[in-house]
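Each remark here refers to the structure printed beneath this line.
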Amino acid sequence: MKKSLLSAVALTAFIAFSGSAWAADILIGVAGPITGPNAAFGAQLQKGAEQAVADINAAGGVNGQQLKIEIGDDVSDPKQGISVA
């Protein structure tokens, strides 16, 4: 009895939490030198990532979910890159 009750509670929690996860967007993180000495490469990286996300979302997303992009600027500095990651 105790084991089946625990299984039922675990299954209910799994279903409840998995249902809310399907409604969320898929967050994609991109880190690069948006500013600093390599900003030209960072601008290309940012534009490419944004265009890829726009193309995927226009085609219906991934399994019906839309992608959302988060850009992080590491300023071409390894110490800053750790923070961004």
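The values are calculated or read from the model by the stated rules, or taken from the named source; none is laboratory data. Every value quoted in this text rests on a predicted model; they were computed, and no experiment measured them. Positions of Cβ are backbone-derived with ideal geometry, glycine not excepted, and every protein chain shown enters the neighbour counts.
The table for this structure:
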item	result
Within segment 25-40, considering residues that are of a type in the set (Gly, Ala, Ser), surrounded by 15 or more Cβ atoms within 10 Å (Cβ to Cβ) and part of a strand (DSSP E or B), the one nearest to the chain's Cα centre (by Cα)	31
Test set (1) in contact with an Asp or Glu (Cβ under 8 Å, 6 or more places away or on another chain); (2) modelled with pLDDT under 95 - residue 66 fails condition number	(2)
Odd one out for residue 76, checked against (1) surrounded by 17 or more Cβ atoms within 10 Å (Cβ to Cβ); (2) over 19 Å from the mean Cα position of the chain (by Cα); (3) not in a loop (DSSP other than H, G, I, E, B)	(3)
Search result, residues across segment 21-52 that are of a type outside the set (Gly, Ala, Ser) and free of Cβ contacts under 8 Å to residues at least 24 places away in the same chain	41, 44, 45, 47, 50, 51
